[in-house]
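Below you'll find the structure, written out as structure tokens, and then a few comments.
The values are calculated or read from the model by the stated rules, or taken from the named source; none is laboratory data. What you see is a predicted model, and the numbers here were worked out from it, not measured in a lab. Backbone-built Cβ (ideal geometry, glycine too); neighbour counts: all protein chains shown. The accessibility values were calculated without ligands, DNA or RNA, using every heavy atom of the protein model including side chains. Shrake-Rupley method; radii C 1.70, N 1.55, O 1.52, S 1.80 Å.
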Amino acid sequence: MAMDLSSDLHYYTKGLERKDAVLQADIFKTNVAPFLKSGGNPNDAAKLLSESYAGFPSMIKVAAGSAEAIGVDCSNILRDTIKKKLLEKFDPDRVDRAIMGSAEHPADMPWLDSLIHDKHWRESLYELFDKYPRCEFLNFAIMRMAESGYRDEVARLRTSSSYMQVYSLIMENSLSELIKKDDTCIDNDLPDFIRVCCEQEHFYLYAQVLIKRLHDEYEAAPLKRLSKELEKAAISRGYSELVDILKSCAEDIPLDLAAALKAIRNSNQPTPGDVLAIHSMYTSANPPSVQFIRDYDFIMLLLKSLYVPGNNSNIRPDVLEKMIFLISYATTYNDAHPREAQMSEIQRVSIALHELYKELQSNQAGGDFSASVNVILQHMSLPVASMAILLWIEYLSVETPYYETYYRSADVPLPHLLLDEIAYRHPFQRAQVLQVIERCFSHTYENFAPEILSTLQKRWIERLVYLVQLQYTLPVFKMMKKISSSAEHSLTVHFVTLVLESADPPYSCEFVDNIVDILHPISSSIGHVHGFDVMIHKLADYALNAPNAGISDELKERVQYILRQSKYRKTSLSMY
């Protein structure tokens with residue numbers, strides 16, 4: 001017992017020796033009283049508190065007063081410092097154990113209201129919540145914010161919450177924002193939406209049921225894409241069993257069809273047995289809904305198996321016919337119309353796909369295919385056929401020696417002209433055209449002299465400019481920003497020159513901002529390019545001088561920087 005008292009006395013003595021211990025809240029209750037109870041002397045307690053006093057708060061207050069006298073905002077510095085340390089040291093498990101009684105009956109927290117009504121601390125809690133979405137205290141705090149008049153702020157969060165009220169707010173806002181955007185812009189917001197919906201399995205279940213009900217009630221086809229993106233994300237996170245169960249229950253898909261589609265998805269290739277089983281169901285007297293096979297990934301898998309050489313070497317003729325039928329059926333059939341009236345159209349598409357298959361199959365080694373152009377152009381009007389042609393062009397460009405054999409710098413390559421034609425005929429396939437261009441542009445072609453390779457890459461750049469001319473602008477700009485720092489500077493200059501030559505003012509702020517972003521990595525060398533200063537001045541003259549252009553001061557400064565770089569380099573060169 002004596003040893004226990006001695007140990008306790010030593011412990012509480014250390015507490016009284018801490019710097020500024022006398023200024024700590026509840027010091028008597030937490031240290032002085034236990035010290036005396038353990039046999040400590042009151043005079044010793046007073047001496048320890050006196051000797052440990054350093055007066056740091058007073059010194060800080062004096063220093064802060066002096067700093068504020070010369071215009072330093074000490075309050076913000078202190079807040080930012082505390083916030084930085086909080087984000088670094090925050091331990092969600094310790095916080096939950098210390099503060100939360102339970103999720104259903106949390107401990108009383110009167111101090112939380114002062115944090116909630118302070119914008120700085122709300123933002124700090126939002127950042128912590130984004131980092132630790134499963135922390136019970138943070139979930140409770142976010143719910144209290146929603147109840148205290150900050151619903152709009154909470155709704156703009158993109159982190160799932162364990163409180164259904166908060167999660168519903170976030171989901172509602174996420175969907176409301178997404179439905180306002182087109183396919184070009186939605187890609188930027190999808191990762192946040194997926195994060196909200198797939199943090200845990202029950203969040204995924206809730207989101208999919210909600211999307212399904214909205215789709216059924218409003219027949220909003222774009223919601224199918226959201227559902228599909230969530231499925232892919234859930235499978236990647238290990239929820240594949242839940243995905244399969246939910247699809248079977250929600251869509252009422254036949255078990256045999258679900259099993260065949262799952263097998264194809266898992267093996268990433270259509271096996272003859274699964275193809276025959278699916279074909280048998282869709283040629284029966286009572287076929288399942290076409291929606292079960294009108295799936296982008298499923299159709300692309302069939303197209304790659306048929307039209308990408310190397311994938312189709314062992315396809316039996318009977319399986320080939322059935323795969324073509326399934327592609328035609330999936331892309332043509334409408335459940336709302338009588339089946340008999342649609343079979344002739346399905347047959348027409350099947351014939352076209354078969355003729356295209358035979359034509360493209362005849363050129364697997366990257367030979368001259370100019371004799372096949374008429375057949376290719378004839379069937380390109382079918383969207384599914386043009387997708388097959390895209391896959392074949394990519395294979396031809398990166399897997400065969402086609403360009404090493406047939407490329408001539410004075411001519412636009414035939415595959416490039418076909419890409420332009422697809423982009424022109426099928427606006428919804430411009431994203432796929434851009435993907436093919438990006439993969440081909442970044443491909444390392446062998447047996448090419450550097451100057452010849454440069455001219456070929458300029459031809460790919462010209463395909464990008466054509467997409468801009470077709471109003472597919474922002475995705476192209478996004479790609480150019482990604483590659484401008486690593487590509488040859490002359491290619492970036494070539495792109496910007498062609499874009500500015502084909503686009504006259506007025507320019508949107510977004511247009512100017514993207515052009516400046518593309519030029520920034522090469523700003524130190526643009527003055528070396530003969531004649532390029534004319535294009536820079538064309539952009540700068542509008543951005544800096546046009547009335548009502550709406551260009552921000554920050555963007556104007558960036559334009560002026562590019563302009564100065566151009567003038568400086570040109571002046572430096574003229575001195576030699």
Study note, to complete from the structure: Across (1) open to solvent by 70 Å² or more (accessible area, probe 1.4 Å); (2) more than 26 Å from Gln24 (Cα to Cα); (3) outside any helix (DSSP H, G or I); (4) without any contact (Cβ under 8 Å) to a residue 12 or more places away in the chain, Pro110 clears everything bar (2)
Revision key, fill the gap. Over segment 258-297, the set of residues small (Gly, Ala, Ser), open to solvent by 20 Å² or more (accessible area, probe 1.4 Å) and either in contact with a helix residue (DSSP H, G or I) (Cβ under 6 Å, 6 or more places away or on another chain) or part of a helix (DSSP H, G or I) (or both) is Ala258, Ala259, Ala263, Ser267, Gly273, Ala277, Ser280
Revision key, fill the gap. Out of (1) of a type in the set (A, V, I, L, M, F, W, C); (2) free of Cβ contacts under 8 Å to residues at least 60 places away in the same chain; (3) surrounded by fewer than 19 Cβ atoms within 10 Å (Cβ to Cβ), the one Met300 does not meet is (2)
Study note, to complete from the structure: Within segment 399-420, residues surrounded by fewer than 16 Cβ atoms within 10 Å (Cβ to Cβ), in a helix (DSSP H, G or I) and out of contact with any Asp or Glu (no Cβ under 9 Å at 6 or more places or on another chain) come out as Glu399, Leu417
Exercise for review: Filter segment 470-528 down to the residues that are aliphatic (A, V, I, L, M) and open to solvent by 10 Å² or more (accessible area, probe 1.4 Å), then identify the one that is farthest from Leu555 (Cα to Cα).
Suggested key: Leu470
Revision key, fill the gap. Within segment 360-393, the residues that are of a type outside the set (Gly, Ala, Ser), outside any helix (DSSP H, G or I) and closer than 26 Å to Leu326 by Cα are Asn363, Gln364, Met380, Leu382
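Here is a check on your reading of the model: is Thr444 open to solvent by 40 Å² or more (accessible area, probe 1.4 Å), of a type in the set (S, T, N, Q) and not in a helix (DSSP H, G or I)?
So Thr444 fits the description; yes.
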Review point. Quick one: which of Ser350, Ser305 is more than 22 Å from Asn268 (Cβ to Cβ) and open to solvent by less than 20 Å² (accessible area, probe 1.4 Å)?
Key: Ser350
**Study point:** Among the residues listed as Leu210, Leu255, Leu242, the single one being farther than 30 Å from Lys322 by Cα, aliphatic (A, V, I, L, M) and open to solvent by 50 Å² or more (accessible area, probe 1.4 Å)
**Key:** Leu210
Practice item. State which residue pairs qualify: first residue in contact (Cβ under 8 Å) with a residue 40 or more places away in the chain and inside segment 214-241, second residue surrounded by 16 or more Cβ atoms within 10 Å (Cβ to Cβ) and not in a helix (DSSP H, G or I) in any location, beta carbons under 8 Å apart, and separation of 6 or more residues or different chains. Key: Lys228/Asp295
Exercise for review: Determine whether segment 66-81 contains at least one residue that is open to solvent by less than 90 Å² (accessible area, probe 1.4 Å) and in contact with a Leu (Cβ under 7 Å, 6 or more places away or on another chain).
Suggested key: no
Exercise for review: For Pro450, work out the one condition from (1) of a type outside the set (Lys, Arg); (2) at pLDDT below 95; (3) open to solvent by less than 60 Å² (accessible area, probe 1.4 Å); (4) over 19 Å from Thr400 (Cβ atoms) it doesn't fulfil.
Suggested key: (3)
